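Notes follow once the structure below has been shown.
The values are calculated or read from the model by the stated rules, or taken from the named source; none is laboratory data. Keep in mind that what you see is a predicted model, and the values were worked out from it rather than measured. Cβ atoms come from the backbone with ideal geometry, glycine included; neighbour counts cover every protein chain shown. Areas reflect the complete protein model, heavy atoms only, side chains present, ligands, DNA and RNA absent. Shrake-Rupley method; radii C 1.70, N 1.55, O 1.52, S 1.80 Å.
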Amino acid sequence: MLAALLLTLLPVPPVEAADVWPRHVIDAGSRGADGVRLADVDGDGRQDVVTGWEEGREIRVAFAPPTDRVREPWPTATVGRVASPEDAVAVDLDGDGRFEILSAAEGKAKRLSVHQAHGDPRLSANWDTTPLGDSVGRQQYMFALPWSAENGGGLIAAGKGAGAAVEWWRPGKNPSDWTAWRAVQLRPVGWAMSLVAEDMDGDGDADLLLTDRKGPRRGVVWLEFDPASAMWREHAVGGTDLEPMFLSVCDLDGDGDRDLAVAAKDAGVALYERLDVTGDRWRARRLSLPKNAGGGKGVAATRSAVGGLELFVSCEHSSRKCSIVRFRFGPNDAVWTATPTIDCPAGVIGTKFDLLELRDLDADGDLDLLTCEERENLGVIWYERPGPAGATPPSDRSAAPDAGDVRGRGLRQR
């Protein structure tokens, strides 16, 4: 059944004057940082940051230091060198309890690559690189999602351009034989962005939520796996009239349901209210970005413990413009009708931002903002939330996804 959509368009409120949050560099050791994916790669209990550096042709891991050193550049390792990397994510592909890094490459490279550590993962010399299966030349890969063993295992990958598709990759008899992995196509795409594992219909297992920004089948959709037929059934959410970029899953209005926020190129951000448990009925509202901001790219959302919603949108084409926009709804505001306040916590430095993660990086009880910037080589960075500790403690787990989660990420402008 097609999604039921009611569209609300409201005027854009003025941008409030606000202090710019302090910016801290995690890694600026290469060129073209293109995404932030979190996982405890070295097993020390802290979340590390995996990033593909497109212009630098490197896959790097920034290892989280103790909290008292988090404002300094983090220790890093280059785990592989790949042309045109668009994405990199930590995933235990062979089930041995240790993370590999899976990178996705576009351009002429067109491949998925496995980067595997033999020894201490913090040392660049201990990593080697192998193409995954017969991925070389199949499509311009843009993004990859680890797929849990409970849902069939392997990983989901997707790309852009001619012949692009969502693919489900699974191993042969020996999962450590990277050359034996093979894929089945689930759905053609024009330009895949977010891939998210999310239970969209309340049946207890993960469905595949995605955004496709180009072509005749563009929009926000989810795929439901039917074990009996081994087929994937497609459900529409909306966005066929937009160019949807990254998305975030969050209880936007505090009613207990998980809703969607989708950044839209040149159209701000679209909010989708879940109307029932089926995942087939949604109400939509659009929020326009202010004129002095760039175009929408990534999105992250959270509700505070005392109510109220914060919605962050990262921007591209933001040179000398607001680079990250924050929408704020008060505890008593009706998210689907109220007018939010807007400010620019990252100021006007930076041109092309990507994925956003809300994390308490300095362990002071509130959520900071983790992201990367590609054009001006700000690199992998985080913005420290000012003000008293505990101002906005996380109350929705969607603000702190587990390792390998792809919430709010996708391909770049890519």
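The simple Förster model, with R0 at 35 Å and r as the Cβ-Cβ distance, assigns residue 349 and residue 151 a FRET efficiency of 0.30. Using the Cβ-Cβ distance between residue 174 and residue 108 with R0 set to 30 Å, the FRET efficiency from 1/(1 + (r/R0)^6) comes to roughly 0.50.
For segment 123-156, the residues whose backbone nitrogen is under 20 Å from a point 7 Å from the Cα of residue 83, taken along Cα to Cβ, are 129-143.
Scaling against 2.2 N^0.38 Å puts the C-alpha radius of gyration of segment 264-375 at 1.10.
Taking N as the residue count of the chain, its C-alpha radius of gyration divided by 2.2 N^0.38 Å amounts to 0.91.
Extending 7 Å from Cα along the Cβ direction at residue 55 and again at residue 376 yields two label points whose distance is 1.3 nm. Residue separation of residue 363 and residue 130 scaled by 0.36 nm, minus their Cα-Cα distance, works out to 80.2 nm of gained length. The length gained by stretching the chain between residue 25 and residue 341 to full extension, at 0.36 nm per residue less their Cα-Cα distance, is 111.0 nm. Here, segment 69-186 is characterised by an Rg to Rh ratio of 0.98, where Rg is the alpha-carbon radius of gyration and Rh the Kirkwood radius. Multiplying the residue separation of residue 276 and residue 162 by 0.36 nm and removing their Cα-Cα distance gives an extension gain of 37.4 nm. The trypsin sites (Lys or Arg not before Pro) found in segment 57-117 that occupy coil by DSSP, while having at most 11 further C-beta atoms within 10 Å, are 108.
Near the amide H of residue 246, within less than 5 Å, lie the amide hydrogens of 263, all on another chain or at least 5 residues away, with H placed in the peptide plane.
The H on the amide N of residue 360, modeled in the peptide plane, is under 5 Å from the matching H of 368, each at least 5 residues off or on a different chain.
For residue 383, the accessible area of its heavy atoms, probed at 1.4 Å with every protein chain present, is near 0 square angstrom. For residue 310, what is the net charge nearby, where nearby means another residue's Cβ is under 9 Å from its Cβ and Lys, Arg count +1, Asp, Glu -1? So the environment of residue 310 carries a net charge of +3. Between the amide H of residue 87 and those of 104, distances stay under 5 Å, these residues lying 5 or more places away or on another chain, with hydrogens modeled in the peptide plane.
Can you pull a Stokes-Einstein diffusion coefficient for segment 273-317 at 4 °C (1.567 mPa s), Rh from Kirkwood over Cα pairs, as a whole number of µm²/s? After rounding, the answer is 100 µm²/s.
Calculate the dipole size of the chain relative to its Cα centre from +1 charges on Lys and Arg beta carbons and -1 charges on Asp and Glu beta carbons; express the result in debye to the nearest 20. The dipole magnitude comes to about 1640 debye. At R0 = 51 Å, how high is the FRET efficiency between residue 231 and residue 292 if r is their beta carbon distance? Nearest 0.05 is fine. Given R0 = 51 Å and the Cβ-Cβ separation, E is 0.60.
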